[in-house]
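Worksheet: the structure to be examined is printed underneath.
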């Protein structure tokens, strides 16, 4: 089987009478080693902002000024836009004037009630005296009725004054609400950043009329620190991912893309609540600090989710050759000859291939110069053995 695997990789020169022994083939070698290696899942991911806000006006009017530059970083609370505040200042002054008028009317009503209460008190005292005089025969019934009627009129006047005061107080509350609303509308003429993030293109320029809660935002702000990367993994990994995430562990995610000097490390933040039945994948979301702004919304990256680490035999990835029957390596024997050996290869991590079967820990494999080798070929070491430690 081994010979059929390597039929296309070179054959042993046939020795004839007087044939010279072929010189040793110079090769580079490395030793298979047992190391702690990660179990990882790779996928293509897409960068998404941590949060996105489309900034809209809450009141209408003319846009006077823009206080930021397109594509600038802004902090929550920074002034972004200013809408003409004059109509809203006038509305506030009118509402405050109505409050002042109601307050004056309330003071007049309070004075009137005080006067009517005094009259009522006096009328009630007169009614008691008239009743006593009538019992003594000094006064007449008609005089007593007249005084009692005056007391009743004074009482009704007091009740009317109290009703008027309640009406004025209700008007004051309504006026205070109008003042508060006018102040709120005036504050809306200054549009401030609701989140910390990066602004996009300006969609409306000074001089235009702004509509309250218009269809299109004035600008879109993306929060990019922290930031999310979403990607899908086969559903067969869901159970293991959920179990490890549910145990309180933070699963590490490394993302990289063209132009990055080294991967960026983040952690798994969200597991979607359903499997995509069309693709058989589950969507995951990793969170990254992104302090250096290396990740950008909409960017495509390679995401690597690390599930666990375990001990395994590894060899340099360049030692693996492709044959008709699958991958194989040249193993160096004690007599400095080589033999081809089929292998089962797992993941490749950091330039190292995990060997599931075919090579044992401690065996030596050829990493360079395989094109000139054949079964039983003699070799000479052209370079020192490569270190096999994972970086």
- Within the range 349-363, the residues that are surrounded by 15 or more Cβ atoms within 10 Å (Cβ to Cβ) and part of a strand (DSSP E or B) are 349, 352, 353, 354, 355
- Query: Is at least one residue of the range 264-281 over 30 Å from residue 63 (Cα atoms), in contact (Cβ under 8 Å) with a residue 40 or more places away in the chain, touching a helix residue (DSSP H, G or I) at 6+ places or on another chain (Cβ under 8 Å) and outside any strand (DSSP E or B)?
  - Reply: yes
- Residue check, residue 311 against (1) part of a strand (DSSP E or B); (2) surrounded by 12 or more Cβ atoms within 10 Å (Cβ to Cβ), all met but one. Which one? (2)
- Message: Name the residue that is modelled with the lowest pLDDT, counting only residues in the range 279-302 that are more than 12 Å from residue 48 (Cβ to Cβ) and more than 15 Å from the chain's Cα centre (by Cα).
- Response: 292
- Item | Scan of the range 280-299 for residues that are surrounded by fewer than 13 Cβ atoms within 10 Å (Cβ to Cβ) and closer than 14 Å to residue 43 by Cα, ordered by number | 280
- Task: Go through the range 331-376 and give me each residue that's free of Cβ contacts under 8 Å to residues at least 40 places away in the same chain and either out of contact with any strand residue (DSSP E or B) (no Cβ under 8 Å at 6 or more places or on another chain) or outside the structural domain of residue 28 (by TED's automatic domain parsing) (or both).
- Result: 334, 335
- Item | Tally of residues being at positive phi and either part of a strand (DSSP E or B) or within 49 Å of the chain's Cα centre (by Cα) (or both) across the range 323-348 | 1
- From the list 252, 319, 243, pick out the single residue that is more than 17 Å from residue 42 (Cβ to Cβ), outside the structural domain of residue 30 (by TED's automatic domain parsing) and at pLDDT below 95. 243
- Matching option when the condition is surrounded by fewer than 16 Cβ atoms within 10 Å (Cβ to Cβ) and at pLDDT 90 or above, among 152, 181, 162: 181
- Of the residues in the range 210-247, those that are surrounded by 15 or more Cβ atoms within 10 Å (Cβ to Cβ) and closer than 30 Å to residue 61 by Cα number 8
- residue 250 vs (1) part of a helix (DSSP H, G or I); (2) more than 20 Å from residue 59 (Cα to Cα): all pass except (1)
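The values are calculated or read from the model by the stated rules, or taken from the named source; none is laboratory data. All of these numbers come straight from a predicted model, not from anything done at the bench. Quick reminder, even Gly has a Cβ in these numbers, built from the backbone with ideal geometry, and neighbours come from all protein chains shown.
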